[in-house]
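The values are calculated or read from the model by the stated rules, or taken from the named source; none is laboratory data. Quick caveat: nothing in here was measured; it's all calculated off a predicted structure. Cβ coordinates were reconstructed from backbone atoms using ideal geometry, including for glycine residues, and neighbour counts include every protein chain displayed.
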Amino acid sequence: MAGKVKKAFLIAASLSVSACLYAASSDLIGGSFIDDGIAARPAGLGGAYTAIADDGNAAWWNPSGLGLLDKKKSLSFTYVPDMYKLTTGSMTRMLVTYAQGDTGGYGGVGGSISYLSINIGSDFSGDPEKTWTELVVEGSWGMEIEQYFGLVKYKYPKISIGANLKYMSATTDLTLNGAEMGASGYGADLGLLIAVKNNFNIGIMAKNILSQITWKGGTNEQTPYSINGGFFYGITPDFLVSAEVKTSQSDSGTPRIEAYCGGGEFIIRFPKSFSVQNAALRAGVSVDPNDGSYIIAAGASAGMEGFSVDLAYQYYLKSALTQDIYRLGVTAYF
């Protein structure tokens, strides 16, 4: 059983590299709590999405983007069917996000539910299979504040701040030294988005700046924080590029660079008589300067009346995770 427990921890911790390779300082906390790379469109851009945050994914990636959304609401669903293609067991991931812009002068609101499920599998015939699940539920808020700095509201430059409050839990039928395992806790994120012009944004996201996880048995620990910052530039209305630096908490408590990310997206628009109104092609790369590993990403979207379908593909190079990963997403607008 000790081998299964260790295996479960290693599997869960490995999830933190799904967007950019991430080394958690905790031996127990799994990837759902710290991985920000699940959604299809951001993953297709190599993870460089903090400064974009202009759709339902803003609630998860950078809540300050909610303050700059229009009044249209959006609901997004992302599914990762078989992460890392485990030789024994299986691993799936789901993310649901909701976002709507400011409709009453009090800011935009949103929310997210992230669910990770691991079937650990069995190493020997007759050995019972075990499970590990992680859940994150968060509420999000974002609001424009440029008017408080003597600027004109709704005119450039626009400044928006945002925050997430979240509940986190881990459940499993594994035991450690005969005792039940599992944990629950809370966390908070802060975001900032500055729209310098209609085609140029600067974004910063600080995740888990306040967190507390309590394990059964009374052990407390904090989720490692991460700070991401980058920019987005629209070369044309249909062609954008983005770049981002991702940092995370080191063992000493100070931030360290985890990845340099960059991506681009090109939109093809079709005549109104077509059922598909537009198609988007995107590509990106994430580089970990600590070990020289890469994640090459590509993605595509098909936009129709009221909804879009997204697909992202990631391939790992010089990484302990050598498998490729697909992410499927659907977003509804109403």
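Hey, among the residues in the range 212-221 that are in contact with a strand residue (DSSP E or B) (Cβ under 8 Å, 6 or more places away or on another chain) and free of Cβ contacts under 8 Å to residues at least 60 places away in the same chain, which one's nearest to Ile257 (Cα to Cα)? Step through it out loud before you land on a result.
Restricting attention to the range 212-221, the residues satisfying the condition of being in contact with a strand residue (DSSP E or B) (Cβ under 8 Å, 6 or more places away or on another chain) are 212-217, 220-221.
Keeping just the survivors that are free of Cβ contacts under 8 Å to residues at least 60 places away in the same chain gives 212, 214, 216-217, 220.
On the way: Gln212: 23, Thr214: 28, Lys216: 32, Gly217: 34, Asn220: 26 Å.
My answer is Gln212.
Filter the range 182-210 down to residues that are without any contact (Cβ under 8 Å) to a residue 60 or more places away in the chain and more than 28 Å from Pro157 (Cα to Cα) and give me whichever is farthest from the chain's Cα centre (by Cα).
Applying the filter and picking the extreme gives Gly182.
Matching residues to (1) touching a Ser or Thr at 6+ places or on another chain (Cβ under 8 Å); (2) in a loop (DSSP other than H, G, I, E, B); (3) farther than 17 Å from Ala206 by Cβ; (4) among the hydroxyl-bearing types (Ser, Thr, Tyr):
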position: Arg41; (1), (2), (3), (4): yes, no, yes, no
position: Tyr49; (1), (2), (3), (4): yes, yes, no, yes
position: Gly56; (1), (2), (3), (4): yes, yes, yes, no
position: Lys71; (1), (2), (3), (4): yes, yes, yes, no
position: Met91; (1), (2), (3), (4): yes, no, yes, no
position: Met94; (1), (2), (3), (4): yes, no, yes, no
position: Thr97; (1), (2), (3), (4): yes, no, yes, yes
position: Gly105; (1), (2), (3), (4): no, yes, yes, no
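How many residues are in contact with a Ser or Thr (Cβ under 8 Å, 6 or more places away or on another chain), among the β-branched types (Val, Ile, Thr) and not in a strand (DSSP E or B) when one looks only at the range 223-263?
Kept after step one, since they are in contact with a Ser or Thr (Cβ under 8 Å, 6 or more places away or on another chain), are these residues of the range 223-263: 223-233, 244, 246-251, 255-263.
Next, only the ones that are among the β-branched types (Val, Ile, Thr) stay: 223, 227, 247, 257.
Those left that are additionally not in a strand (DSSP E or B): 223.
Looking only at that region, the number is 1.
For the range 250-265, give me each residue that is buried (at least 24 other Cβ atoms within 10 Å of the Cβ) and over 13 Å from Gly284 (Cα atoms).
The first filter runs over the range 250-265 and keeps only residues buried (at least 24 other Cβ atoms within 10 Å of the Cβ), leaving 258-259, 261, 263.
Correct list: Glu258 only.
Scanning for something among the aromatic types (Phe, Trp, Tyr), assigned to a strand (DSSP E or B) and within 20 Å of Arg93 (Cβ to Cβ), does the range 266-286 turn up at least one residue?
No, the range 266-286 contains no residue that is among the aromatic types (Phe, Trp, Tyr), assigned to a strand (DSSP E or B) and within 20 Å of Arg93 (Cβ to Cβ).
Which of the residues spanning the range 227-277 are out of contact with any Cys (no Cβ under 9 Å at 6 or more places or on another chain) and among the aliphatic types (A, V, I, L, M)?
Across the range 227-277, the qualifying residues are Ile227, Ile235, Leu240, Val241, Ile257, Ile267, Ile268, Val276.
Using beta carbons and a limit of 7 Å, which pairs, at least six apart or on different chains, have the first residue in the range 44-70 and closer than 19 Å to Ser114 by Cα and in contact (Cβ under 8 Å) with a residue 40 or more places away in the chain and the second one in a loop (DSSP other than H, G, I, E, B) and among the β-branched types (Val, Ile, Thr)?
Every condition considered, the pairs that remain are Trp61/Thr50; Asn62/Thr50.
Cβ contacts < 6 Å: first residue in contact (Cβ under 8 Å) with a residue 60 or more places away in the chain, restricted to the range 264-279; second residue of a type in the set (S, T, N, Q), any location; separation 6+ or different chain. Result?
Pairs that qualify, where the first residue is in contact (Cβ under 8 Å) with a residue 60 or more places away in the chain and the partner is of a type in the set (S, T, N, Q): there are none.
Closer than 13 Å to Leu66 by Cβ, of a type outside the set (Ser, Thr, Tyr) and surrounded by 15 or more Cβ atoms within 10 Å (Cβ to Cβ), is that true of Glu144? Give the steps one after another, and end with the answer.
Details: closer than 13 Å to Leu66 by Cβ: yes; of a type outside the set (Ser, Thr, Tyr): yes; surrounded by 15 or more Cβ atoms within 10 Å (Cβ to Cβ): yes.
So Glu144 passes the test.
Can you say whether Ile159 is without any contact (Cβ under 8 Å) to a residue 40 or more places away in the chain and either in a strand (DSSP E or B) or touching a Gly at 6+ places or on another chain (Cβ under 6 Å) (or both), as far as the supplied structure shows?
Values: without any contact (Cβ under 8 Å) to a residue 40 or more places away in the chain: yes; either in a strand (DSSP E or B) or touching a Gly at 6+ places or on another chain (Cβ under 6 Å) (or both): yes.
The answer is yes for Ile159.
Tally the residues that are loosely packed, with under 15 Cβ neighbours inside 10 Å, modelled with pLDDT of 95 or more and touching a Gly at 6+ places or on another chain (Cβ under 8 Å), restricting the search to the range 201-244.
Count: 1.
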